[in-house]
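Notes follow the structure.
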């Protein structure tokens, strides 16, 4: 089997790695210090826009964009780029490849009308605005999306929206201008996956209110953030509906496959960064007359971390290949598999790096605590482990049943 990246992918990998090393990594620590020193942290510092302009000029822009919709890279080719950006908290935005914008742009590319694309997709692709995705709700068990209680009711040539969403990622960004809202439209339908609708809701529409910004284990993730948002009799044109009433689940399935590849590859980059930091610390400090790396089985733990990272990477690349060759349903099990494996692997590697740093690893002097929180979040975001394990088990049992029918 040939695991070598295509010539095109190798060129992008080389250029992206050089850009991150030369432009992003040297300023990142100072950037975070400056942001934390701001009286209002929900701001975009000038360096971000400067780097975005440089990345765009260098051709490192919107690299996630699917080949079927004008992009240059397949999922397999983009995967190592996502891994590189995962080493940095700001690189994804600098390349205009940040969540949830990438998923929302893919929705608009695949499902948006020309008018919707002109109003929202064009400025998103240009990096002029940002977006959010309103799905999870505080009042129901949102691991089952069919439980959603917020409503999107057709009323003539408008849609009336009511309800409350939370963990609405990106809503705190000052340039967030639109939310893709998923709400209940046909409560009495016999089709539990045909009851909901996705609607484009401007953040400045009357009745849209950010009730609070949430912290994740103490981290606010400025300037992006995760908010609890209320929708009180919000009225938007029916032309803001994506695809059609009752078709939200169809859109969601098309949206989440590539996005989960991106998340998992970024987690692999994050784990690589954590392992590097851990090894650097363990080989530069001594205790009890020995380098830390030679104490307490640390060498074996480093070996286990390397094995786990490599295993996860191959699994994710396989899922990306299946998406490219067999589509979302052909990759269904593989995508759920990586969504379980990658966060667990990253958490284990980051935990090792924290342990090798001692007390310093728990502080904000190093990026490890924030990295651990980010990886832990992804055991819930885009579906909890148990949901994905259920998908894998269901598909496995179906094969057994078919074989023994």
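No lab work stands behind these numbers, since they all come straight from the coordinates. The model shown is predicted, which means the values in this text are computed figures rather than measured ones. Glycine also receives a Cβ, built like all others from the backbone with ideal geometry; neighbour counts cover every protein chain displayed.
The table below gives the values:
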{"quantity": "Neighbour-count ranking [beta-carbon atoms within 10 angstrom, fewest first] of 316, 76, 391, 201", "calculated": "391, 76, 201, 316"}
{"quantity": "Exposure proxy order (Cβ contacts within 10 Å, fewest to most) of 388, 262", "calculated": "388, 262"}
{"quantity": "0 to 90° range, to nearest 10: angle between helix 298-330 axis and the chain longest Cα axis", "calculated": "30 degrees"}
{"quantity": "Per-pair calculated FRET efficiency, R0 = 22 Å: residue 210 and residue 149 via Cβ, rounded to 0.05", "calculated": "0.65"}
{"quantity": "Residues 176, 264 arranged by fewest to most Cβ contacts within 10 Å", "calculated": "176, 264"}
{"quantity": "For the range 99-163 versus the range 353-374, the gap between their alpha-carbon centres in whole angstrom", "calculated": "35 Å"}
{"quantity": "By average C-beta atoms within 10 angstrom, highest first, the peptides 336-342, 396-402", "calculated": "336-342, 396-402"}
{"quantity": "Cα-based Kirkwood hydrodynamic radius, the range 232-276, one decimal, Å", "calculated": "13.6 Å"}
{"quantity": "Translational D in µm²/s for the range 34-96 (Stokes-Einstein at 20 °C, 1.002 mPa s, Kirkwood Rh from C-alpha pairs)", "calculated": "165 µm²/s"}
{"quantity": "In Å, descending, principal axis extents of the Cα set of the range 249-403", "calculated": "61, 32, 25"}
{"quantity": "Most to least packed among 22-35, 235-248 [average Cβ atoms within 10 Å]", "calculated": "235-248, 22-35"}
{"quantity": "Cα-based Kirkwood hydrodynamic radius, the range 7-112, one decimal, Å", "calculated": "14.5 Å"}
{"quantity": "Most mobile listed residue (91, 150, 252) in the chain, GNM with C-alpha springs under 10 Å", "calculated": "252"}
{"quantity": "Translational diffusion of the range 70-178, µm² s⁻¹ [Kirkwood Rh, Cα pairs; Stokes-Einstein; 20 °C; 1.002 mPa s]", "calculated": "135 µm²/s"}
{"quantity": "Crossing angle, helix 368-377 versus the chain [Cα axis fit, 0-90 degrees, rounded to tens]", "calculated": "40 degrees"}
{"quantity": "Pairwise label distance in nanometres, residue 239 with residue 363, each label 7 Å out on the Cα-Cβ vector", "calculated": "5.7 nm"}
{"quantity": "Two-site FRET efficiency, residue 42 against residue 373, from Cβ-Cβ distance with R₀ of 25 Å, rounded to 0.05", "calculated": "0.85"}
{"quantity": "Theoretical gain in end-to-end length, residue 22 to residue 283 [0.36 nm per residue, Cα-Cα removed]", "calculated": "91.4 nm"}
{"quantity": "Gyration tensor (Cα) of the range 149-275, equivalent ellipsoid semi-axes in angstrom", "calculated": "29, 19, 12"}
{"quantity": "Space enclosed by the convex hull of the alpha-carbon atoms of the chain, per residue, Å³", "calculated": "159 Å³"}
{"quantity": "Between helix 25-36 and the chain: long-axis angle, C-alpha atoms, 0 to 90°, nearest 10", "calculated": "60 degrees"}
{"quantity": "Gain upon complete extension [residue 192, residue 6; 0.36 nm per residue less C-alpha separation]", "calculated": "62.7 nm"}
